[in-house]
1. How much length is gained on full extension from S123 to R45, taking 0.36 nm per residue of separation minus their Cα-Cα distance?
2. Over the chain, calculate the relative contact order: mean separation of alpha carbon pairs under 8 Å at least 6 apart, over the residue count, as a percent.
3. Given +1 on the Cβ of Lys and Arg, -1 on the Cβ of Asp and Glu, and no further charges, what dipole in debye does the chain carry about its Cα centre, rounded to the nearest 20?
4. Taking a spot 7 Å from the Cα of S25 along the direction of its beta carbon, which residues of region 55-91 have an amide N less than 14 Å from it?
5. Mind grabbing the base-10 log of I(q)/I(0) for region 59-123 at q = 0.25 Å⁻¹? Debye formula, identical points on the C-alpha positions, no solvent, two decimal places.
6. Can you give the accessible area of T120, probe radius 1.4 Å, in Å² rounded to 10?
7. For region 1-69, place one equal point scatterer on every Cα, skip the solvent, and apply the Debye formula. What is log10 of I(q)/I(0) at q = 0.16, 0.18, 0.25 Å⁻¹?
8. If you wrap a convex hull around the alpha carbons of the chain, what volume per residue comes out, as a whole number of Å³?
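The values are calculated or read from the model by the stated rules, or taken from the named source; none is laboratory data. Computed from a predicted structure; not experimentally measured. Here the Cβ is made from the backbone with ideal geometry for all residues, glycine too, and neighbour counts use every protein chain on show. Quick note on the areas: whole protein, heavy atoms, side chains included, nothing else; ligands and nucleic acids left out. Shrake-Rupley method; radii C 1.70, N 1.55, O 1.52, S 1.80 Å.
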Amino acid sequence: QVQLVESGGGLVQAGGSLRLSCAASGRTFSSYYMGWFRQAPGREREFVAAFGRSAGLTFYADSVKGRFTISRDNAKTTVYLQMNTLKSEDTAVYYCAARSSGALRSEESYSYWGQGTQVTVSS
């Protein structure tokens, strides 16, 4: 079992930045590949960013590429999502998730999910 708890969400003006954190606990956290998803009101949950199988390899949705950065601190068992140049369309509940295999852009691949943290970008 892996438990995930997100934090760092809030209200920010367009053009601003936020850093989300995802604290993980439980067994063999380092064995999992981590990702971030988001869900805006009235929309389906969508992929944002994730680590690939190879060390240091990262993937991003086109909508956030160049603005968001995923990183992790294995010693602290924490995954981060640095979000810069935020836009109103980034408003959503953001979730971190853990997968052991499968397509990294597919939420079906992820076995463990956090409760989500709200990000609201005002224009």
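1. Once the chain is fully extended between S123 and R45, it gains 25.9 nm.
2. 36 percent
3. Values: 13 positive and 9 negative charges, 54 e Å.
In total the dipole reaches around 260 debye.
4. Once the point is set 7 Å along Cα→Cβ of S25, 77-78 turn out to lie under 14 Å by backbone N, inside region 55-91.
5. Cα-only, vacuum Debye calculation for region 59-123: -1.35.
6. Taking all protein chains as shown, T120 has close to 50 Å².
7. -0.70, -0.88, -1.39
8. Working: hull volume 11.5 nm³, N = 123.
Roughly 93 Å³ of hull volume per residue.
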